[in-house]
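To start, the structure itself, in structure tokens.
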Amino acid sequence: TPPGAAQGFAPHYDDIDAFVVQLQGRKAWRVYDNSEDHDLSCRLPRFSSRDFHPSESKRWRCVFDGELKPGDCLYIPRGFPHHAHTLEGMDADISVH
């Protein structure tokens, strides 16, 4: 991801479980609950979501708000909305599905 608080993807959820492994740099992640108390129909989705506007995530319950550094790993369950942005410099991560 390019330097300077760049965001790779808008808030969204996926139809797969994913492990994110941070290889270089630092990235801030937010993962949100997928409970039925909000209007996302994402309990166990068969398709990935549309891109949500960042303001939509303000009404969701955040279950992880943290930073990944090289060597860190984050598990994102299927259907859990999430988004990330770089914190400084270049960063690189891989997702294992």
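The values are calculated or read from the model by the stated rules, or taken from the named source; none is laboratory data. The shown structure was predicted, so the numbers you read here are calculated from the model rather than taken from an experiment. Ideal geometry is used to build each Cβ from the backbone, glycine not excepted, and the neighbour counts take in all protein chains shown. Just the protein is used for accessible areas: all its heavy atoms, side chains included, with ligands, DNA and RNA removed. Shrake-Rupley method; radii C 1.70, N 1.55, O 1.52, S 1.80 Å.
Summary table
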quantity: 21, 31, ranked by accessible area, largest first (probe 1.4 Å); calculated: 21, 31
quantity: Protection proxy ranking of 58-66, 75-83 - average other beta-carbon atoms within 10 Å, highest first; calculated: 75-83, 58-66
quantity: Column: log10 I(q)/I(0), Debye, Cα scatterers of the stretch 45-97, q = 0.17 Å⁻¹; calculated: -0.71
quantity: Additional length obtainable on full extension of the chain from residue 19 to residue 53, 0.36 nm per residue less Cα span; calculated: 9.9 nm
quantity: Extension gain, residue 12 back to residue 87 (0.36 nm per residue minus Cα-Cα distance, nm); calculated: 25.0 nm
